[in-house]
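Beneath this line is the structure, given in structure tokens, with notes to follow.
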Amino acid sequence: MTSRILSLCGLFLFVFFSCKNDSKPAVANEPQIDPELAALDALLEKNPDNDSLFYRRAAVYYKLDGYDEALKDLTRAIELDSMQPAYYHLLADVLLDYARPNDSKRAIDVLQTAAAKFPANFHTLLKLSEFQLIVKQHGEALITLDKILRRDPQNAEAFYMAGRVALDKGDTTAAIASFQKSVKIDATNGDAWMFLGRIFTQRSSPLALQYFDNVLRLDSTDLEAREFKGVYYKRRGEFAKAFEVYQDIVTRNPDYSNAWFDMGTIYLEQDSLSKAYDHFNIAVKTDPLFVKAYYYRGLCSELQGNTDAALADYRQANGMSPDYKEAKEALERLGKKQ
């Protein structure tokens, strides 16, 4: 939904003062416009045919969720200069995020138009493949990536995207091959290392730890890589090592809800219901939208005989995510007991 670009500075305040027995209200505060928009508006008044100014203003509107305004400015920018790939890229982003009926198709159409105009622009082709992946057009995405690899057989980003497509199709073998080609060409591709680590975590392979360590060598502040090291240890039943990782994470960032949640699941497996409840409770407090944490906190309450608290959490989880099977089943189970 388009956000309000203009906002009132405050309620109208009326201040009365006495002057010859007359009372006069103060002037209401004027609505204020975003300063960046105001500056661009002023520039466009002086330069009404400057395509780059329309593009810059569209980017600000997009940042403020002003989708209609962004679309209007981008349309004008492209009318003025249709040979700027960045204009098409932003237009596709706006359409995809606006998410009205058929907007995802329109977004892909925009990028296909750009790809036809700029066939040598790898960034445009990569963006098109990413959008095709988002809408599950796997075959089309691979065709797009092939266009890049035929021109540049050592394009690390194209192999990375091919891995993403294969993984989305459920072909982990092909995904591994593509991600490994990507990092062989560009060892700084942290996202490819991360996907490799997650795949090998599912396989309980020690290689996962090496891949996550590669991510951390690139960025020692990456808490997600640390979290998945904890997940690896948890899957293998090495709970002490998992706790060590999770404790390190919450020391670095006390609001990292996933780490609190993961520690809660370990305590639950160990039948430490009180400690599990406490950790799920922290997960909910640090992330009020954490549906699974509500469910598991409810499960702890149910196992401890606190039916009312359990029902409250199950209802919360079910209300936030009606398709969450476990919460729905829990409500039915407790409903039959009452």
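Conditions (1) surrounded by fewer than 19 Cβ atoms within 10 Å (Cβ to Cβ); (2) hydroxyl-bearing (Ser, Thr, Tyr); (3) modelled with pLDDT of 95 or more, marked per residue:
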residue	(1), (2), (3)
Ala276	no, no, yes
Phe290	no, no, yes
Tyr294	no, yes, yes
Arg297	no, no, yes
Ala310	no, no, yes
Asp313	no, no, yes
Met320	yes, no, yes
Gln338	yes, no, no
(request) With a cut-off of at least 2 residues that are over 28 Å from the mean Cα position of the chain (by Cα) and of a type in the set (Asp, Glu), name the helices (runs of 4 or more DSSP H) lying wholly within segment 245-338. (result) 325-337
(message) I need every pair where a residue in segment 83-97 that is touching a residue at least 24 places away in the same chain (Cβ under 8 Å) has its Cβ under 6 Å from the Cβ of a residue that is surrounded by fewer than 24 Cβ atoms within 10 Å (Cβ to Cβ) and among the acidic types (Asp, Glu), sequence separation at least 6 or different chains.
(response) Leu95/Asp103
(message) Among (1) assigned by TED's automatic domain parsing to the domain that holds Leu145; (2) surrounded by fewer than 22 Cβ atoms within 10 Å (Cβ to Cβ), there is one condition Ala162 misses while meeting the rest; what is its number?
(response) (2)
(request) May I ask you to verify whether Leu40 is more than 30 Å from Arg150 (Cα to Cα), modelled with pLDDT of 95 or more and touching a helix residue (DSSP H, G or I) at 6+ places or on another chain (Cβ under 6 Å)? (result) yes
(message) Just to be sure before I move on: is Asp152 modelled with pLDDT of 95 or more and surrounded by 15 or more Cβ atoms within 10 Å (Cβ to Cβ) in the structure I sent?
(response) no
(message) I need every pair where a residue in segment 234-261 that is farther than 18 Å from Asp222 by Cα has its Cβ under 8 Å from the Cβ of a residue that is β-branched (Val, Ile, Thr), sequence separation at least 6 or different chains.
(response) Lys234/Thr265; Lys234/Ile266; Arg235/Thr201; Phe239/Ile266
(message) Among the residues that make up segment 41-50, is at least one of them buried (at least 20 other Cβ atoms within 10 Å of the Cβ) and either touching a Phe, Trp or Tyr at 6+ places or on another chain (Cβ under 9 Å) or not in a helix (DSSP H, G or I) (or both)?
(response) no
(request) Considering only residues that are in contact with a Leu (Cβ under 8 Å, 6 or more places away or on another chain) and among the small types (Gly, Ala, Ser), look in segment 165-196 and name the one that is surrounded by the fewest Cβ atoms within 10 Å (Cβ to Cβ). (result) Gly190
(request) Could you look through segment 69-124, keep only residues that are among the acidic types (Asp, Glu) and assigned to a helix (DSSP H, G or I), and pick out the one that is surrounded by the most Cβ atoms within 10 Å (Cβ to Cβ)? (result) Asp73
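The values are calculated or read from the model by the stated rules, or taken from the named source; none is laboratory data. All values derive from a computational prediction rather than experimental measurement. Virtual Cβ from ideal backbone geometry, glycine too; neighbours counted across all protein chains shown.
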